[in-house]
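Inspection log for the structure reproduced underneath, given as structure tokens.
No value in this document is a laboratory result; all are computed from the given coordinates. Values in this document were obtained by computation on a predicted structure and should not be read as measured data. All Cβ positions, even for glycine, are placed from backbone atoms using ideal geometry, and neighbour counts span all protein chains on display.
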Amino acid sequence: MADYDDYFVYALREYCKFYSPCTFASDRGRCVNTSSAHESKGHQNSRGRIIASGPYQSDFTFDRYIHIWDKTLGEDILLYQTKFGEQRDLVTDISDETHVLRLHTKAMNRFYHANGTAKEFHGYASDEDVSQPSSSIVSGSMN
């Protein structure tokens, strides 16, 4: 995994900075700003209206999650490398790409079965209630 560590850290940092919404909510609405847009705007709803002043709020931050991210990515990469090797040894008449595609399809099917279909995910800037990530997402589990 060492070859990819910097990319994984970068991906999590960028997600937390540019995509993970503030969790502040009040009777005036729910803040939709991300960390990167929060300092200059405060708490703002999806219509662009300021609903309160104050700092970005979230339980899901880079500093809180990086250790879980690093550990579970390492474990999952090892798991999928092992599964790939086993499948490759069992079925030798298909390409490596086909083996990887099958593993990926199974993983995505498990993800959507546990978390709902893609159409059920809402953008963070909508007025609709956006649930917190499921425990399988937060824990990093891909099994």
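Return the pair list, or none, for Cβ contacts closer than 6 Å from residues in the stretch 60-81 that are charged (D, E, K, R) to residues that are surrounded by 15 or more Cβ atoms within 10 Å (Cβ to Cβ), at least 6 apart or on different chains.
Once the first residue is charged (D, E, K, R) and sits in the stretch 60-81, its partners that are surrounded by 15 or more Cβ atoms within 10 Å (Cβ to Cβ) give Asp76/Met142.
Can you confirm whether the stretch 73-88 contains a residue that is within 23 Å of Glu14 (Cβ to Cβ), part of a helix (DSSP H, G or I) and polar (S, T, N, Q)?
No, the stretch 73-88 has no match at all.
Select, from Leu101, Leu73, the only residue that is in contact with a Gly (Cβ under 7 Å, 6 or more places away or on another chain) and aliphatic (A, V, I, L, M).
Leu73
I'd like the full set of residues that are touching a residue at least 12 places away in the same chain (Cβ under 8 Å), in a helix (DSSP H, G or I) and under 11 Å from the mean Cα position of the chain (by Cα), limited to the stretch 14-23.
Hit for the stretch 14-23 is Cys16, nothing else.
Could you list, in sequence order, the residues of the stretch 30-62 that are under 17 Å from Ser20 (Cβ atoms), part of a loop (DSSP other than H, G, I, E, B) and of a type in the set (D, E, K, R)?
Across the stretch 30-62, the qualifying residue is only Asp59.
All but one of (1) under 30 Å from Thr82 (Cα atoms); (2) under 14 Å from the mean Cα position of the chain (by Cα) hold for Asp6; state the number of the condition that does not hold.
All conditions pass for Asp6, except number (2).
Given the residues Gly48, Gly29, Gly42, which is the only one that is surrounded by fewer than 14 Cβ atoms within 10 Å (Cβ to Cβ) and more than 16 Å from the chain's Cα centre (by Cα)?
Residue meeting the stated conditions: Gly48.
Under the condition of being surrounded by 11 or more Cβ atoms within 10 Å (Cβ to Cβ) and charged (D, E, K, R), which residue from the stretch 51-72 is nearest to Ala11 (Cα to Cα)?
Residue satisfying both the conditions and the ranking: Asp70.
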